[in-house]
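The values are calculated or read from the model by the stated rules, or taken from the named source; none is laboratory data. Small disclaimer: the values here were computed from a predicted structure and weren't measured. Backbone-built Cβ (ideal geometry, glycine too); neighbour counts: all protein chains shown. The area values use the complete protein model at the heavy-atom level, side chains included, leaving out ligands, DNA and RNA. Shrake-Rupley method; radii C 1.70, N 1.55, O 1.52, S 1.80 Å.
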Amino acid sequence: MNDARTGERHWADREAVEILQREPEAPVVETGISPSGPFHVGHLREILTGDALTRALRERGAAARLVFIVDNLDPLRKVYPFLDAGVFGPLVGRSLCELPAPDGEGRYDEHFLRPFLSALGRLGVDAEVLPASELYASGRMDEVVLRALEQRDLLARIQQEVTGKSLPETWSPWNPRCPACRRIDQGEVLGFDREAGTVRSRCRACGEEAEQPIAGGGKLTWRVDWPARWKALSVTSEPFGKDHASRGGSWDTGARIAREVYGMEPPHPVIYEWIGLRGQGDMSSSRGNVLTVGELLEVVPPEVLRYFVLKARPARAITFDPGLPLLRLVDEVDNAAARGRDERALELSRAGRFRPVGVPFHHLVLVGQLAGFDAERVIALLERGGYRDLDRGAVEERLVLARGWLERFAPDEARVEIAETLPDAARHLEPDQREYLARLATLLPDLEGASADAIHERLYALASIEGGPGPRRAFEAIYRALLGRDRGPRAASLIEIWGPRRAAARLAEAAEAAAG
RNA sequence: GGGCCGUUAGCUCAGCCGGUAGAGCAGUGGACUUUUAAUCCAUCGGUCGGGGGUUCGAAUCCCCCACGGCUCACCA
């Protein structure tokens, strides 16, 4: 890493070096997300930041682990807009892992987690997924929980000092789950027994009193849970969103608790900014219009999503635009000769076997439309356009994505559709353009079945004759007649695919309409 | 109000453990039997938000200010 001077060092490398100073052998990177709703692009930053760190650590010879905690013990806080109030209203306060899925099939947490995990697999994220429910049930948290119960007063003091807010007398770091009504957010701790490893509690909701084992009987409150996990799992680094980072936030309390209660240095923090969304309106899980990771993988290769996130320093807010800008990103990843690409970020973006296509994504979208997304015809068109040595399988794969992008995110300009009837734009043509179309219309029927190259010859030759409109304006006239726009894909291909005879009729119609 | 991040060419950004600025896109010129951000070559383009300070020397370090975004109920 002697390139510090040239500034080519990636943020993940810099952080890795610092983490290794603290734990050179087996650093543990922890990340975590609450499965209360769909996982979207924003969540990607949490896990990918952790993944990049882990990779950078492993490259340096460390036996780094990436632990992904699923906070499925968290209670359902309210009835989210995408939930049925009748079903979920009465279930508020229960752990996410004890709720039915929104569609009624299976478990709530798994409903949201499953697609995310499969996306992670495709993204090449090598993480140990650990649901909080299992972490607690395993007993691995018992000791840190007992310590918290014993240090209740100290914890309360720290929290009050850091947040400036007072806590009720009955506050406890432990949230017991009521064995009767299953709520995990209403319990009041009455006492605990270190020898037996149990907690006595009463439920404020239903009044039930019980004595339950720590393992499986509840969870720590978030602010204590976090540092307790650091201790229990020997966490050495933790990426987290800036919401936790603000003054008086959970990082501040967590860091103190780590030192004063658990006698450890808090993990090396990596604070990241948020990912905004452009093009589809702001992302808002409450409105339900989120971009899920799975959705995006139907549109671009996983490497592109990784690259998008890893290219920017975590502290930098970035905006995700699934429209045209996303395509640029695809090309940057696909084309080894692309300028301005961040090689190191790209290296960290590998997600398995990436098959470059060598055709700009936007062009593929275009050709795909012309050829009805039929792989054979697409490849024929591409070859005619000068692309050689195409990796057939890679093209086919990418073509599926191109189609997905077109259907889901393409702006109108990217769509090629031959107008059903003569477009209005075709009425505005100069005399020489009209003349051109009229003459072309008489030639085209003879070209039925001809190759696009042959057709192009004629288009071009006719445009260039004495008194002709010249290529540029000739093509403009054709596009107006067929698409109602001034520009378009290779006119010859368009005509070949639509059929020269049909095109001829349209061009003649345009020539006439413009004259009248 | 507290805090975090940002303010570098028209746009998006890199550079930031100091040595008088870079890329992509846009623009301009040219090439091309040019076609939906086209490609290739060349080129124009910056008082590095403002003001102080440290230093032989600062976009890079320190302080102050302005503007912008975000965040402060366990929503990454």
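For segment A:39-92, residues that are in contact with a Leu (Cβ under 9 Å, 6 or more places away or on another chain), among the basic types (K, R) and within 11 Å of RNA strand B (Cβ to nearest atom) total 0. Per the conditions (1) more than 9 Å from RNA strand B (Cβ to nearest atom); (2) within 21 Å of A:G372 (Cα to Cα), the sole criterion not satisfied by A:R415 is (1). Restricting segment A:160-177 to residues that are among the charged types (D, E, K, R) and closer than 26 Å to A:A215 by Cα, the residue that is surrounded by the most Cβ atoms within 10 Å (Cβ to Cβ) is A:R177. Looking at segment A:237-257, which of the residues that are free of Cβ contacts under 8 Å to residues at least 60 places away in the same chain and in contact with a Lys or Arg (Cβ under 7 Å, 6 or more places away or on another chain) is surrounded by the most Cβ atoms within 10 Å (Cβ to Cβ)? The residue in question is A:G254.
Against the condition touching a helix residue (DSSP H, G or I) at 6+ places or on another chain (Cβ under 6 Å) and among the hydroxyl-bearing types (S, T, Y), how does A:Y80 come out, does it pass? Criteria not met by A:Y80.
For A:S451, are the conditions met, namely being within 11 Å of RNA strand B (Cβ to nearest atom) and of a type in the set (S, T, N, Q)? When the stated conditions are applied, A:S451 does not pass them. In segment A:347-364, the residue that is surrounded by the fewest Cβ atoms within 10 Å (Cβ to Cβ) out of those that are within 21 Å of the chain's Cα centre (by Cα) and within 12 Å of RNA strand B (Cβ to nearest atom) is A:H362. For segment A:197-236, the candidate set comprises residues that are without any contact (Cβ under 8 Å) to a residue 24 or more places away in the chain and within 18 Å of A:T170 (Cβ to Cβ); within that set, the residue that is nearest to RNA strand B (Cβ to nearest atom) is A:R204. Each residue in segment A:74-122 was checked for being open to solvent by 10 Å² or more (accessible area, probe 1.4 Å), in a loop (DSSP other than H, G, I, E, B) and either in contact with a Cys (Cβ under 8 Å, 6 or more places away or on another chain) or farther than 24 Å from A:C203 by Cα (or both), and 10 pass.
Could you check, for segment A:17-37, whether at least one of its residues is touching a helix residue (DSSP H, G or I) at 6+ places or on another chain (Cβ under 7 Å), at pLDDT below 85 and either open to solvent by less than 50 Å² (accessible area, probe 1.4 Å) or of a type in the set (D, E) (or both)? No, segment A:17-37 contains no residue that is touching a helix residue (DSSP H, G or I) at 6+ places or on another chain (Cβ under 7 Å), at pLDDT below 85 and either open to solvent by less than 50 Å² (accessible area, probe 1.4 Å) or of a type in the set (D, E) (or both). Only one of the numbered conditions (1) more than 22 Å from A:W226 (Cβ to Cβ); (2) over 24 Å from the mean Cα position of the chain (by Cα); (3) open to solvent by less than 50 Å² (accessible area, probe 1.4 Å) is violated by A:A196, and that is (3). Residues that are at pLDDT below 95, of a type in the set (G, A, S) and touching a Ser or Thr at 6+ places or on another chain (Cβ under 9 Å) occur at least once in segment A:2-12. Being surrounded by 18 or more Cβ atoms within 10 Å (Cβ to Cβ) and under 26 Å from A:P314 (Cβ atoms) is a property that A:L381 lacks. Whenever a residue of segment A:74-96 is over 15 Å from A:R182 (Cα atoms), its partners that are of a type outside the set (G, A, S) and open to solvent by 20 Å² or more (accessible area, probe 1.4 Å), lying with C-beta atoms within less than 7 angstrom and at least six residues away or across chains, give the pairs A:K78/A:V92; A:V79/A:V92; A:P81/A:R287; A:F82/A:P102; A:L83/A:P102; A:A85/A:V79.
Selection of segment A:148-185 for residues being outside any loop (DSSP other than H, G, I, E, B) and touching an Asp or Glu at 6+ places or on another chain (Cβ under 7 Å) yields A:L154, A:I158, A:V162, A:N175.
Please go through segment A:152-202 and give me each residue that is in contact with a Ser or Thr (Cβ under 7 Å, 6 or more places away or on another chain) and of a type in the set (A, V, I, L, M, F, W, C), ordered by number. Answer for segment A:152-202, where residues must be in contact with a Ser or Thr (Cβ under 7 Å, 6 or more places away or on another chain) and of a type in the set (A, V, I, L, M, F, W, C): A:I158, A:V162, A:I184, A:V189, A:L190, A:F192.
Determine whether segment A:468-487 contains at least one residue that is within 12 Å of RNA strand B (Cβ to nearest atom), on the phi > 0 side of the Ramachandran plot and not assigned by TED's automatic domain parsing to the domain that holds A:G385. Yes, segment A:468-487 has at least one match. Would you say A:D126 is surrounded by fewer than 22 Cβ atoms within 10 Å (Cβ to Cβ) and out of contact with any Leu (no Cβ under 9 Å at 6 or more places or on another chain)? Criteria not met by A:D126. Could you tell me whether any residue of segment A:389-396 is within 12 Å of RNA strand B (Cβ to nearest atom), modelled with pLDDT under 85 and either acidic (D, E) or over 30 Å from A:A245 (Cα atoms) (or both)? For segment A:389-396, residues within 12 Å of RNA strand B (Cβ to nearest atom), modelled with pLDDT under 85 and either acidic (D, E) or over 30 Å from A:A245 (Cα atoms) (or both): absent.
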